[in-house]
Each structure stands twice: as structure tokens, then as C-alpha cells.
1. Conditions: (1) of a type in the set (V, I, T); (2) modelled with pLDDT under 95; (3) open to solvent by less than 30 Å² (accessible area, probe 1.4 Å). I9 meets all but one. Number of the miss?
2. Within the range 70-88, does at least one residue satisfy the condition of being in contact (Cβ under 8 Å) with a residue 60 or more places away in the chain, polar (S, T, N, Q) and assigned to a helix (DSSP H, G or I)?
3. Restricting to the range 89-113, and then to whatever is of a type in the set (D, E) and either modelled with pLDDT under 95 or part of a loop (DSSP other than H, G, I, E, B) (or both), can you tell me which residue is least open to solvent (accessible area, probe 1.4 Å)?
4. For the structure I just gave you, tell me whether G67 is under 30 Å from D111 (Cα atoms) and surrounded by fewer than 18 Cβ atoms within 10 Å (Cβ to Cβ).
5. Return the residues of the range 17-35 that are modelled with pLDDT under 80 and either open to solvent by 70 Å² or more (accessible area, probe 1.4 Å) or in a helix (DSSP H, G or I) (or both); say none if nothing qualifies.
6. Of the numbered conditions (1) at pLDDT 95 or above; (2) open to solvent by 100 Å² or more (accessible area, probe 1.4 Å), Q86 fails exactly one; give the number of that condition.
7. Name the one entry in K38, K54 that is modelled with pLDDT of 90 or more, open to solvent by less than 70 Å² (accessible area, probe 1.4 Å), within 21 Å of T90 (Cβ to Cβ) and not small (G, A, S).
Amino acid sequence: MVNMSNLSIYKASAGSGKTFKLTEQYLFMLFANPSRYKNILAVTFTNKATGEMKDRIIKELNSLSVGQSSKYFQSIKATFDLTDRQIHSTAEKALHFILHDYSRFSVNTIDHF
């Protein structure tokens with residue numbers, strides 16, 4: 001990972017967990033401020049990766065908001081020192097913001113960018 005002020009660049013080979021890590025970082029930014037989705041730009045190389053990442057973010061926010069199992073629950077809990085209820089509430093708020101302003105939920109390919 002290269003971090004230039006507020007810009008983070010991840011370099012990794014196929015199958016190394018990039019989508020997982022990018023989704024985790026996106027969720028961390030949302031848990032720091034649920035309305036921040038408007039200011040986050042995630043850029044991937046393929047349409048497939050873009051779709052997978054958007055789907056995963058929405059799926060995980062939904063799971064977290066209703067208390068279902070999520071691969072990201074423990075890392076969010078540890079990073080932000082939140083109660084289960086706070087995690088559910090924050091995820092619900094972030095999901096609501098994104099779904100009601102979906103055009104500003106920006107995960108794009110590098111060509112689109």
C-alpha cells in the first residue's frame with residue numbers, strides 16, 4: 001500500500017484479497033463518518049471488480065445493520081471500539097445514505113475515472 005496524504009493505493013496480484021481489503025477500508029471510512037460515501041472514490045481495473053466491490057459493500061452494510069454474520073464485524077468492532085448496537089446503527093445509517101443517494105456511491109473503473 002502507498003499512502004499519499006488522503007490517497008491510498010493498493011497493489012496486489014489476482015486472488016490476493018484486494019476486493020476484501022478495499023471493502024474493509026471503505027467500511028472503515030463509513031464507520032468513521034457514515035455520510036462520507038460522497039467523498040470516497042474507489043477505482044478498480046475491471047467492470048467485474050467494480051460490481052463485486054459495490055455489491056459487497058451494500059451486502060456487508062445490510063448484514064451489519066440487521067445483526068447478521070459479516071467478515072468485517074470483528075475488525076470494525078476492534079478498530080472503532082463500538083458495541084454491537086452501535087455497529088448495527090452506524091451500518092444502517094450508512095446504508096440508508098448510500099441507497100437514497102446511489103449516484104454518489106462512487107466505485108468505478110480506471111477507464112471511467
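1. Tallying (1) of a type in the set (V, I, T); (2) modelled with pLDDT under 95; (3) open to solvent by less than 30 Å² (accessible area, probe 1.4 Å), I9 fails exactly one: (3).
2. We begin by selecting, within the range 70-88, every residue in contact (Cβ under 8 Å) with a residue 60 or more places away in the chain; these are none.
There is no residue in the range 70-88 that is in contact (Cβ under 8 Å) with a residue 60 or more places away in the chain, polar (S, T, N, Q) and assigned to a helix (DSSP H, G or I).
3. We begin by selecting, within the range 89-113, every residue of a type in the set (D, E); these are 92, 101, 111.
Among the residues that remain, those that are also either modelled with pLDDT under 95 or part of a loop (DSSP other than H, G, I, E, B) (or both) are: 101, 111.
Values: D101: 40, D111: 138 Å².
Across the range 89-113, the extreme among qualifying residues is D101.
4. Working: under 30 Å from D111 (Cα atoms): no; surrounded by fewer than 18 Cβ atoms within 10 Å (Cβ to Cβ): yes.
So G67 does not fit the description; no.
5. K18
6. (2)
7. Just one listed residue meets the conditions, K54.
The values are calculated or read from the model by the stated rules, or taken from the named source; none is laboratory data. From a predicted model like this one, the values you see are computed outputs, not experimental measurements. Note: ideal-geometry Cβ built from the backbone for every residue, glycine included; neighbour counts use all protein chains shown. We work out accessible area using only protein heavy atoms, side chains counted, and drop any ligands, DNA or RNA first. Shrake-Rupley method; radii C 1.70, N 1.55, O 1.52, S 1.80 Å.
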